[in-house]
Amino acid sequence: MFGRGILKQPFSRFERMKKVKTKDMILISMFAAVTAISAQVTIPIPISPVPITLQVLAVCLTSAILGSRLAFMSLLVYIAVGILGMPVFSGGASGPGAVMGPTGGYITGFLLSSYVTGKLTQRKPLPTLSNTLAAMFSGLLVIYTAGMLQLSLVTGMPLQAAFMSGVVPFIGLDMIKIAVGAGVACSVRTILIRQNLLKTS
């Protein structure tokens, strides 16, 4: 009996590891799909080469809900699938050109944003609305910065012009998205943690 118990312990740990890994993979895949779907809601605007999409909201929600590690992996899967040719980027774009082009900085900014937002979210065992708002706002700033820098670099426009066309038109709407999304992210993350579907660190 004693020997059987010793042998059973590693197997029980292995089973727990498999369950955690499976849960993580489901969350990673699910939120990557949400990001891909949100990118298809595109509204071109004449004053900017960057369209209005729901992508930024999806990225901020993913990051604030999943935390830095899982959110980073989810966005990495999303970007990798797009680079490989699936039409998951804004307006159905795909391939390396979408990441290297004028608006590609926003895509790579999603990765950086996921880490920053996730780390700030994880500072508390259970999320609060104020902490989630601050985390999502910080992540938005990262996306804006990465997007603006690449827009300037690829098009040759001055940074001020890139800021005016690639950031300013979206600030008001993105603030509304985050204000609404923070409450959703806070609630969903709390539920996932309490249901033992998500680790707090």
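The values are calculated or read from the model by the stated rules, or taken from the named source; none is laboratory data. What you see is a predicted model, and the numbers here were worked out from it, not measured in a lab. Positions of Cβ are backbone-derived with ideal geometry, glycine not excepted, and every protein chain shown enters the neighbour counts. The area values use the complete protein model at the heavy-atom level, side chains included, leaving out ligands, DNA and RNA. Shrake-Rupley method; radii C 1.70, N 1.55, O 1.52, S 1.80 Å.
List of remarks:
- Of all residues in the stretch 187-199, none are among the β-branched types (Val, Ile, Thr), more than 18 Å from PHE31 (Cα to Cα) and surrounded by fewer than 21 Cβ atoms within 10 Å (Cβ to Cβ).
- Evaluation of VAL180 against the conditions (1) surrounded by fewer than 20 Cβ atoms within 10 Å (Cβ to Cβ); (2) among the hydrophobic types (A, V, I, L, M, F, W, C); (3) modelled with pLDDT of 95 or more shows that the sole unmet condition is (3).
- Any chance ALA71 is surrounded by 22 or more Cβ atoms within 10 Å (Cβ to Cβ), touching a Cys at 6+ places or on another chain (Cβ under 9 Å) and at pLDDT 95 or above: no
- Residue selection: SER90 fails the criterion of being surrounded by fewer than 20 Cβ atoms within 10 Å (Cβ to Cβ), farther than 24 Å from LEU197 by Cβ, among the hydroxyl-bearing types (Ser, Thr, Tyr) and modelled with pLDDT under 95.
- A single member of ALA64, ALA58 is open to solvent by less than 10 Å² (accessible area, probe 1.4 Å) and without any contact (Cβ under 8 Å) to a residue 40 or more places away in the chain, and it is ALA58.
- Each residue in the stretch 84-109 was checked for being under 11 Å from the mean Cα position of the chain (by Cα) and more than 15 Å from ILE37 (Cα to Cα), and 2 of them qualify.
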